[in-house]
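Reviewing the structure listed below.
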Amino acid sequence: MSLNKRFFVTTPIYYVNDLPHIGHTYTTVAADVVSRWRRLMGDDVLFLTGTDEHGAKILEAAAGKKKDVREYCDEIAAGFKNAWKNMGISYDIFIRTTDLLHEDAVRKFTGGLNEKKELNFSKYEGRYCIQCEKYLTETELSDGLCPDHKTKPVVQSEENYFFNLSKYRDKLLEIIQDTCHPQHFEILPAERKNEITGKLKKGLDDISISRAEMPWGIPLPFDPGQTVYVWVDALINYISAVGYGLPGQKNLNYAFSDWWPADVHIIGKDILWFHCVIWPALLLASGLPLPKKIFAHGYFTVNGQKMSKTVGNVIRPAELIDIFGADASRFLLLAAFPFGSDGDISLDDFREKYNAYLADNIGNLISRTTNMVEKYLGGRLTVPAGWTDSNLQEIRQLFSEAAEGLESLSFEKTIRSIISMSTFCNQYIDREEPWRLASSVAPSDRQKLQKILYDVILVLKHITLLLAPLMPETSAKIWGLLDEKEEMAAVIRGMRDKPGLSLPSGAEIKKSPPLFPKQ
Ligand code: MSP
């Protein structure tokens with residue numbers, strides 16, 4: 001396990017063209033799980049999320065609802081905050097691109113690029129997809145339509161400021177490929193890195209970073225007739241939120257100004273290019289440090305189809321919470337398919353996994369074990385004579401694999417290990433049949449009974465610690481049943497020096513209420 005340190009993690013800032021769905025929830029839950037685990041490990045964590053509120057897409061959405069754009073943004077941003085509260089998301093900063101401090105930062109950043117002669121003014125004609133908020137090249141179009149949104153892009157011809165992106169191609173390639181380069185940043189998973197280097201090798205065009213006819217955005221400080229391109233505006237959030245590299249910025253978050261660079265930007269693979277090429281190039285041009293890592297997870301479909309309002313298969317986080325509760329929803333999202341791969345999500349599959357993993361496996365283990373301790377041992381657990389933890393080697397191994405999964409964002413590994421631990425205990429109980437021993441008065445049977453229940457409660461303690469970042473409320477409830485005097489964080493940190501756990505002798509174990517009622 002790594003040593004204590006600062007850890008700065010971000011999610012994308014989400015467009016406010018609609019309320020959050022489970023796609024946004026997926027990334028945000030992942031960032032939350034990592035943040036919670038790092039905090040438990042003793043790291044000083046900064047978890048940043050927020051909303052992306054400028055540009056044509058938002059203007060259109062507000063007009064569609066016949067609302068003033070600012071009021072509309074306030075409403076949807078509040079909807080995001082509310083959804084995250086209900087999902088137990090422990091962010092530290094929620095940034096909005098309409099925050100005055102952010103707007104000020106964007107002016108300083110773009111003004112700086114202009115002073116450094118990184119921008120050129122020239123004419124551009126291209127096909128712009130409003131839903132993507134980007135120009136599409138001829139090769140990207142399919143039958144003249146945006147391949148993602150199946151809409152015809154708008155032909156735009158205007159004079160804009162261009163950023164010399166092409167100038168950074170060789171440098172970016174070197175930085176990304178040479179792991180010893182002082183500015184190296186990691187792109188994970190490896191296939192995403194290959195995708196970026198492959199594309200970079202093919203060449204790089206300059207990009208327009210302003211719009212001439214966009215009333216809803218941040219005017220360029222040196223040419224107020226132009227507004228900052230919404231993607232440049234959005235990317236800057238990662239440093240404006242911590243008030244970094246912006247001299248004179250009297251930022252409320254000034255206390256965080258030495259937090260940049262981010263340890264990891266967690267994003268979906270749809271916005272890989274912006275984060276791995278455009279953002280680092282903008283930072284290089286501004287003379288600012290680059291993020292340390294970009295992790296792009298996969299994209300999921302819902303019942304085999306792209307999630308969209310037209311298809312009518314959009315799932316909102318509140319729907320999941322209504323069915324499974326917040327904790328189980330968090331778990332199920334990350335249990336659906338490996339983080340980093342593409343996958344499919346369906347309520348049927350969630351129900352199946354909920355029953356198999358949570359109701360029948362972990363939930364059953366907790367309820368039967370705490371029940372037996374109460375019934376057979378009067379609720380009191382004593383360390384069995386001659387007990388050693390030698391037969392818990394396998395559990396220790398599973399615990400460290402699970403912890404490793406939480407650090408490397410391989411949540412599927414963590415979940416698999418937790419389920420293995422629980423299965424191991426359920427099989428142990430089935431095999432040893434403690435209820436038979438309980439009816440015997442022979443001292444050796446009594447001792448054996450104590451040992452079995454002691455072992456299982458000890459494994460349950462390991463499971464509870466691992467569930468803490470994934471299912472914080474449930475894990476705290478289980479912890480409360482185990483008569484544990486220490487905080488979970490202190491116990492986890494203690495395990496760094498001395499792997500393995502113990503239970504105090506005479507611990508009073510409470511009977512668990514049903515935690516995962518069968519669906
Ligand atoms: N506003 C930009 C991001 C700017 S970051 C400087 C944006 N916003 S978005 O609202 O479209 O959110 C995109 C992100 O939502 C994805 O990168 C991913 O994190 C998440 N997802 C949205 N739909 C998803 C799936 N169907 N599957 C997985 N993740 C999904 O892009």
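The values are calculated or read from the model by the stated rules, or taken from the named source; none is laboratory data. Keep in mind that this is a model prediction, so the values were computed, not measured. Reconstructed Cβ throughout: ideal geometry from the backbone, glycine too, with neighbour counts over all protein chains shown. Accessible surface areas use protein heavy atoms only, side chains included; no ligands, DNA or RNA. Shrake-Rupley method; radii C 1.70, N 1.55, O 1.52, S 1.80 Å.
Let's see how each residue does on (1) in contact with a Pro (Cβ under 8 Å, 6 or more places away or on another chain); (2) at pLDDT below 95; (3) open to solvent by 50 Å² or more (accessible area, probe 1.4 Å); (4) over 30 Å from GLN177 (Cα atoms):
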{"residue": "LEU252", "(1), (2), (3), (4)": "no, yes, yes, yes"}
{"residue": "CYS276", "(1), (2), (3), (4)": "no, no, no, no"}
{"residue": "PRO280", "(1), (2), (3), (4)": "yes, no, no, no"}
{"residue": "LYS293", "(1), (2), (3), (4)": "no, no, yes, no"}
A careful count of residues in the range 355-386 that are in a helix (DSSP H, G or I) and open to solvent by 40 Å² or more (accessible area, probe 1.4 Å) gives 10
Reported set for the range 317-354 where residues are open to solvent by 20 Å² or more (accessible area, probe 1.4 Å), of a type in the set (Val, Ile, Thr) and under 20 Å from the mean Cα position of the chain (by Cα) is ILE321
task: Could you tell me whether HIS265 is within 13 Å of the ligand (Cβ to nearest atom), within 21 Å of ASP205 (Cα to Cα) and of a type outside the set (S, T, N, Q)?
output: no
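Confirm whether SER308 is within 16 Å of the ligand (Cβ to nearest atom), at pLDDT below 95 and of a type in the set (S, T, N, Q).
Details: within 16 Å of the ligand (Cβ to nearest atom): yes; at pLDDT below 95: yes; of a type in the set (S, T, N, Q): yes.
So SER308 passes the test.
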Check: Out of all the residues in the range 399-412, is one or more on the phi > 0 side of the Ramachandran plot, crowded, with 18+ Cβ neighbours inside 10 Å and either part of a helix (DSSP H, G or I) or of a type outside the set (Lys, Arg) (or both)?
Finding: yes
Considering residues that are over 27 Å from ARG330 (Cα atoms) and in contact (Cβ under 8 Å) with a residue 12 or more places away in the chain, the number found within the range 440-484 is 9
Item to complete: Evaluate the following for THR110: is it modelled with pLDDT of 95 or more, surrounded by 20 or more Cβ atoms within 10 Å (Cβ to Cβ), within 30 Å of PRO224 (Cβ to Cβ) and in contact with a Cys (Cβ under 9 Å, 6 or more places away or on another chain)?
Response: no
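Yes/no per residue for (1) under 28 Å from GLU53 (Cα atoms); (2) touching a residue at least 40 places away in the same chain (Cβ under 8 Å); (3) open to solvent by 60 Å² or more (accessible area, probe 1.4 Å):
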site	(1), (2), (3)
CYS180	no, no, yes
GLU186	no, yes, yes
PRO189	no, yes, no
ARG192	yes, yes, no
GLU195	no, yes, yes
LYS199	no, yes, yes
ASP205	yes, yes, yes
PHE222	yes, yes, yes
Inside the range 113-146, the number of residues satisfying the requirement of being hydrophobic (A, V, I, L, M, F, W, C), under 17 Å from PHE162 (Cβ atoms) and surrounded by fewer than 17 Cβ atoms within 10 Å (Cβ to Cβ) is 1
Those residues of the range 421-461 that are among the small types (Gly, Ala, Ser) and open to solvent by 50 Å² or more (accessible area, probe 1.4 Å) come to a total of 2
Inside the range 227-244, the number of residues satisfying the requirement of being surrounded by fewer than 24 Cβ atoms within 10 Å (Cβ to Cβ) and either more than 12 Å from the ligand (Cβ to nearest atom) or part of a strand (DSSP E or B) (or both) is 3
